[in-house]
Amino acid sequence: MTGADAALGAAQVAEALTRTYGRALAPGDIHPVRSGPTADLADATAKFRVPGPQSHGPRGFCIVSGPGNPDLMARAADNIATARKTLPPPLAAPILAPVATGRIGERAFAVWPEGRPFPSTRRVTRLWRRQRFARPVMDWCVAVACATATPAAPDTIAADLDTIIADADMPEDMKRDADRARSRLASGRWQPVHCLHHGDFWEGNLLLPLSAERSPVFHVIDWPGMRLRGYPFLDMARMLISMRRRARFSARAIDRLRDRLGCSGDDVLPQLLAGIGHVGRNLEHFPPPLYREMATGLHRFVRALA
């Protein structure tokens with residue numbers, strides 16, 4: 001094991017779940033999941049396949065915060081509870097809630113019911129899923145943003161844009177667009193809004209129910225970065241990029257959100273840039289080079305659709 005998995009074994013997880021479930025589990029019931037390429041990041045997590053709270057119920061996955069960010073899973077669970085309380089039931093339903101939470105020493109953990117990861121290593125399956133789920137996922141994204149939209153404070157938006165403008169490592173065209181957005185904000189030509197956003201909305205954070213008959217047809221996971229006063233178009237652009245949708249589909253999705261929010265086409269890029277700048281102001285463990293790579297890709301993607 002490496003990164004977040006280091007010094008955390010099946011016996012510790014079994015002991016913690018025994019306390020949480022109120023029934024005995026053995027180390028042999030706990031199966032570590034192989035760490036991914038981000039295992040050595042400061043906010044990496046450790047993942048284990050585990051029994052669920054019910055002795056004859058479905059298995060699940062226990063995700064344990066890494067030592068670099070020991071409260072990460074507690075924050076995710078709190079954010080999920082807040083998001084589900086904020087949204088009407090049909091929109092809250094895809095947000096997968098943990099079935100158990102607790103701590104292993106200083107590190108928070110949460111257990112989620114088992115599902116099928118959305119990304120597939122099989123090309124045909126991957127393409128079919130993107131085709132099948134892109135529209136309902138985008139419709140959900142639009143509905144969540146519109147259900148939670150509120151006017152944004154200009155001072156906050158200006159500070160977010162200034163983060164991009166002052167960043168010497170950002171592309172010049174991106175900084176110019178941020179400067180134009182700031183001018184539109186100062187003149188009153190742009191009235192920005194906040195909305196609930198996930199913060200890491202891409203296809204890797206979609207989960208499919210094990211049964212095709214279950215509703216909802218997809219779940220959204222991994223909520224530590226959720227914000228109630230988030231930014232329109234940021235989540236949508238990230239998901240569209242990850243699903244590799246055609247430009248026409250992506251443009252129509254962005255237009256649907258723009259129309260529902262009642263803003264003009266000139267407002268889309270400023271809203272996105274404000275969201276990007278806000279991420280830059282709150283990087284926590286997000287490595288700056290990866291942040292700038294993400295920011296540049298989002299800016300290029302949305303600019304090309306404008």
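The values are calculated or read from the model by the stated rules, or taken from the named source; none is laboratory data. Values in this document were obtained by computation on a predicted structure and should not be read as measured data. Counting neighbours? That spans all protein chains shown, and the Cβs are built from the backbone with ideal geometry, glycine included.
In the set 193, 142, 137, which member is surrounded by 12 or more Cβ atoms within 10 Å (Cβ to Cβ), β-branched (Val, Ile, Thr), in the same structural domain as residue 261 (by TED's automatic domain parsing) and in contact with a Ser or Thr (Cβ under 7 Å, 6 or more places away or on another chain)? Don't jump to the end; show me each part of the working.
Values: 142 fails: in contact with a Ser or Thr (Cβ under 7 Å, 6 or more places away or on another chain); 137 fails: in contact with a Ser or Thr (Cβ under 7 Å, 6 or more places away or on another chain).
Every option except 193 fails the conditions.
Looking only at residues that are farther than 20 Å from residue 82 by Cβ and of a type outside the set (A, V, I, L, M) in segment 204-219, which one is surrounded by the fewest Cβ atoms within 10 Å (Cβ to Cβ)?
Among those residues, the one meeting the criterion is 213.
State which residue is farthest from residue 273 (Cα to Cα) when the search covers only segment 150-196 and only residues that are among the polar types (S, T, N, Q) and over 24 Å from the mean Cα position of the chain (by Cα).
187
From the list 104, 95, 80, which one is of a type in the set (Val, Ile, Thr) and farther than 17 Å from residue 224 by Cβ?
The unique qualifying residue is 104.
Can you find a residue in segment 220-231 that is surrounded by fewer than 20 Cβ atoms within 10 Å (Cβ to Cβ) and farther than 30 Å from residue 97 by Cα?
No, the conditions are met nowhere in segment 220-231.
Tell me, please, whether a residue that is assigned to a helix (DSSP H, G or I) and buried (at least 20 other Cβ atoms within 10 Å of the Cβ) can be found in segment 83-102. Spell out the reasoning first.
First, pick out the residues of segment 83-102 that are assigned to a helix (DSSP H, G or I): 83-86, 89-92.
Those still in the list that are buried (at least 20 other Cβ atoms within 10 Å of the Cβ) too: 83.
Checking segment 83-102: at least one residue is assigned to a helix (DSSP H, G or I) and buried (at least 20 other Cβ atoms within 10 Å of the Cβ).
May I ask you to list the residues in segment 233-251 that are surrounded by fewer than 21 Cβ atoms within 10 Å (Cβ to Cβ) and among the hydrophobic types (A, V, I, L, M, F, W, C)?
241, 247, 249, 251
Quick check on my filter: what residues within segment 180-223 are in contact with a Pro (Cβ under 7 Å, 6 or more places away or on another chain) and either without any contact (Cβ under 8 Å) to a residue 40 or more places away in the chain or of a type in the set (Lys, Arg) (or both)?
Matches in segment 180-223: 184 only.
Determine, yes or no, whether residue 255 is among the acidic types (Asp, Glu) and assigned to a helix (DSSP H, G or I).
Values: among the acidic types (Asp, Glu): yes; assigned to a helix (DSSP H, G or I): yes.
Against the criterion (among the acidic types (Asp, Glu) and assigned to a helix (DSSP H, G or I)), residue 255 qualifies.
Can you tell me which of 58, 67 is farther than 17 Å from residue 113 by Cα and not in a strand (DSSP E or B)?
67
Here is a yes/no grid of residues against (1) farther than 29 Å from residue 284 by Cα; (2) modelled with pLDDT of 95 or more; (3) not in a strand (DSSP E or B); (4) not small (Gly, Ala, Ser):
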position	(1), (2), (3), (4)
1	no, no, yes, yes
7	no, no, yes, no
15	yes, yes, yes, yes
34	no, no, yes, yes
43	no, no, yes, yes
48	no, yes, no, yes
